[in-house]
Each structure stands twice: as C-alpha cells, then as structure tokens.
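Report on the structure given below.
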Amino acid sequence: FAQDSWSLKRLTLNGGLRWEYLKSEVAAAEAQAGRFVLTPGQQFPAVTMPIWKDIAPRFGAIYDVFGNAKTALKFGANRYNESRTTQFAERYNPLQLLSANLTWNDINGNDVAEGELGCVYLTPGCEINFAQLPSTFGTPRLNTVDPNFRRTYNIELTAGVQHELFRNVSVNANFYRRDFRRLRITDNLLRTQADYVPYSVYHPITGQPITVYDVTPAALTRVQNFDTNADPDGGRKHVYTGFDLNLNARLPGGGAVFGGFVTERNRRNVCDEPDDPNALLYCDDWQNDIPFRPTLKLSGSYPLPMGFTISAAFQSNAGRPLGGFAGGAVTDCPGIRCNRIAGPGYGDVGSPIGTEWPLTNTTRYPANCPAPCPAGQLVFPAGGPRLTSAQINLPLVVPGTEFLPRINQLDLSFAKNWTFGVRRLQGQFDVFNVFNKDTETAYRDRLFGLASYLQPSTVLQGRMIRLSTQIRW
C-alpha cells in the first residue's frame, strides 16, 4: 500500500494504491461414515480455486472554500474489493453440510423420520421420500466455481460539506453511493426455464391471479450449480445510496451534544436469472418502490454543580426487514428466491425476504380470500396439476418493503464525582429505555397462513436500572 497527499493553496489531495493477492484452496478430503453418507470413505480431490490479484485505488479531495478553515467541501472516489478469508473456499468444500427438502410422512406416528437411503417411500420403515434427493447428493458439493471467477468489488463515490456554524458548533452533510461490480450469479447447468411448469393461483390477500412455477419431475433431481460472474450487460446490479447529517457541539459550561441522521437504501436487479422463472418475480428493485430507511441518534452530557453530570441518549432506529436477509451457499431448495440469493460479502449481501405463502399439494385458500379467489378451496385440486416440489414459498409482498416497527429508545444517566487525594470515585445511576417501550424486534414467523404469522417472538428490553461505581487512582 502506498499513499501521499498534496496541498495546493486551499485544496488538499490524497491518493493511495493498494495491491492485494488472495489465494485460497480446498484440500483433498475423505467422507466419514454417517446415516445419509452414500459412500463412506469416499475420496474427494482438491478443488481448483481462482487466484485473485487486484488493485484498490483511493482518492480524496478537500477544499477550504473561504480559506478560514470553517467550510470544507469533500469528495472521494475509492474501490473496495470484496472481503474474503476462508469463506469463499468453504462454499465449494465437498464436505460442507448439504441440505435438501424431502417429503416425510410419519406413518407410525412416533415423530421419528425413519428410513435409509435407497428405501421405497411409504413402505414399512421408509417414511422419507429419498426419490426427491438431487442426483448429486452425497457426491462433491453441488456448487462449483468458475476457475476464472473474478473478485467482486464496489466503487464508492462520496461528496460532502463540513461547516462551522459558530464557535464550537459544526455540521457535516454527506452523500454516499456504492456501485457493486462483478456480481456472482449461480447457473444450474442441468436446468433451463423450459424445465418449469406454470401454475395459475390466486393471491390470498388481494385475490388477484398470480403465476407460480414448479420444476418438472424429470428435472427435479438435476442440480449442478455453477458460480460465475454475471454478464455486465445482463442487467444484474446492486447499488447502495445513503445520506447523512451530523452535528457536533461543545456547549458553554462544559456540555456537549452530538448526533446524526442517516437515510439509506439498497436496490438490486437480478432479472438475469438463467434458470428458475420464479426468480423473475419482483426481480428489479428499481420498479419495486424500495424506500429509504432513516435513522436518528442524539446524545449529550452536561456538568452540574457539586460534581454532578447528567447525560442522555436518544435513538430512533429503522426496523430491520421483516424476515431479515437470506444468504449463504444455496444448493437446492423449493423456495422461489433460492436461486436469487447470494452469500454474504460486498455485493453478495443476501436479499431481504418478507411475507411468503408456503404452497403444498394440500394448501387451501383462506376462508376470507377476496374474489375471484375461491375461498376455502384447495389451491391444487385433486385431479388437477400437482406440485413436484414438496413446498414452494410464494412471496406475497415485494421483498424489501416490509419492516419490523421502528425502535425509539431514550436512555438517561446521572453521575456524581468525589475526590479523595489522588483517588477519584464516581457513582452512576443509569436508566435504559426510560419509557419502557415494548416494540417488537422479531416475529415468530413470516409465512402467511400459519398461526404464528407475525406473532412477536422478542420485544425491546424493558426499562432497566443500573447502579455502578468506578474508582480511579
């Protein structure tokens, strides 16, 4: 890494260049014995991983507008390469846990999934439908990586202004934009969109028709996921936009106030999905009206006579997405967003998920489903088209538009100082969540139709009082 700075009258320029080399590996390994291990002792060869050699330039400029060091304009242009340690290689480790959703019917009612690989479903002792296993289950990991895969990075542009309003009081306003490049895309080489059958169903909330797709029986077990860089002309993108405003003030008498307001938005376009047509539903966030999410934080302290100090902190945090963020190494799953989901990291941040409707061959429309929805009837009637997958989760609301409630919290602190020679004693009385807010911070479930749908599972910690003492010498 090398950097330097130059000053030209009221303009200061900063430049830097970082060179990065990253080489990872997946060593040869052997499968240990287990219930669902097809071939105990099976040898897996080492996996060839891409080697990355990347640069990360930095550039910044600061301009003193009036030459009195009270107003400064700031600009920055930087490249940040995706942070990777062992995480990337772990995705392609053949001994990583593989998962698959299989139909299970508890025939004898003992609440145990009985059955061994190769058994015939619904025969005595075989309650698991192993016929639904991907053909590559138990063999090397379903995801393979393009040896020419190039490292994901983002270009960050920043612009801001910092101004001293008057002595000891300054404000700072900034704009941020991060454009992620070389995004990852997962292509199941053994499937195309022609391997999916459309089903016309009705939205259980609006009653309007909607199309969902399920893989054909012939293609159900065909899984060979190949990770590579998305075509830069294919439309896939991820852009973060943020604005912040910060205040810093030192008050007469030794008091201080500081805080900030930030509003931000992440938008993605994954309409270049190569296989599953379900992934095209809500695929373009530029058409999905994704909102900005504001957050406000303020804190301050003020010394009082006789060694007392009072301080307060208020925060108003935007609630997180309803279902959090889906992410990680996806191998095979029935959910509509499975092939859209990317793992964690810059540009691979998991997609937000929200209300989904779990569809199976026994699912019924809710009794209050508005017309033209056939309330109370089977979604997939007997004698009609049936699902191949054990379950499909149909998004009912645009992902990224449902959020948990905003969290507003006020904390207060009172302190008293005593001095005994070289020793200093401080007693402190803190009150957290002064107004005893019980805002929901998580729900039991986001799946529509379940009894636990949108039932709170955790709430904000209630009012809490703390007494503490510090001795310094």
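Structure values in brief
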quantity	calculated
Residue selected from the stretch 77-95 under the condition in a loop (DSSP other than H, G, I, E, B) and open to solvent by 70 Å² or more (accessible area, probe 1.4 Å), by the criterion modelled with the highest pLDDT	83
Any hit, the stretch 156-167, residues being open to solvent by less than 70 Å² (accessible area, probe 1.4 Å) and of a type in the set (Gly, Ala, Ser)	yes
Evaluation of residue 191 against (1) part of a helix (DSSP H, G or I); (2) crowded, with 19+ Cβ neighbours inside 10 Å (one fails), failing number	(1)
Yes/no for residue 441 being of a type in the set (Val, Ile, Thr) and crowded, with 16+ Cβ neighbours inside 10 Å	yes
Meets criteria (within 23 Å of residue 23 (Cα to Cα), open to solvent by 40 Å² or more (accessible area, probe 1.4 Å) and either assigned to a loop (DSSP other than H, G, I, E, B) or touching a residue at least 60 places away in the same chain (Cβ under 8 Å) (or both)) for residue 150	yes
Within the stretch 96-126, considering residues that are touching a residue at least 60 places away in the same chain (Cβ under 8 Å) and open to solvent by less than 60 Å² (accessible area, probe 1.4 Å), the one farthest from residue 359 (Cα to Cα)	117
Residue among 252, 232, 204 that alone is surrounded by 17 or more Cβ atoms within 10 Å (Cβ to Cβ), at negative phi and out of contact with any helix residue (DSSP H, G or I) (no Cβ under 9 Å at 6 or more places or on another chain)	204
Check on residue 281, out of contact with any Pro (no Cβ under 7 Å at 6 or more places or on another chain) and either at pLDDT 90 or above or crowded, with 16+ Cβ neighbours inside 10 Å (or both)	no
Failed item, numbered, when residue 257 is tested on (1) part of a strand (DSSP E or B); (2) open to solvent by 30 Å² or more (accessible area, probe 1.4 Å); (3) under 30 Å from residue 378 (Cα atoms)	(3)
Residue identified as part of a loop (DSSP other than H, G, I, E, B) and open to solvent by 60 Å² or more (accessible area, probe 1.4 Å) among 372, 366	372
Qualifying residue in the stretch 395-418 (condition: charged (D, E, K, R), more than 35 Å from the chain's Cα centre (by Cα) and open to solvent by 40 Å² or more (accessible area, probe 1.4 Å))	no
Contacts under 9 angstrom Cβ, first residue in the stretch 288-307 being part of a helix (DSSP H, G or I), partner surrounded by 16 or more Cβ atoms within 10 Å (Cβ to Cβ) and of a type in the set (Gly, Ala, Ser), 6 or more apart	307/415
Subset of the stretch 295-337 [more than 27 Å from residue 261 (Cα to Cα) and modelled with pLDDT of 60 or more]	304, 305, 306, 307, 308
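The values are calculated or read from the model by the stated rules, or taken from the named source; none is laboratory data. What you are looking at is a predicted structure, and each value in this text was computed from that prediction instead of being measured. Here Cβ is always computed from backbone atoms with ideal geometry, including for glycine, and neighbour counts include all displayed protein chains. Each accessible area value is taken on the protein alone, full model and side chains, heavy atoms only, with ligands, DNA and RNA left out. Shrake-Rupley method; radii C 1.70, N 1.55, O 1.52, S 1.80 Å.
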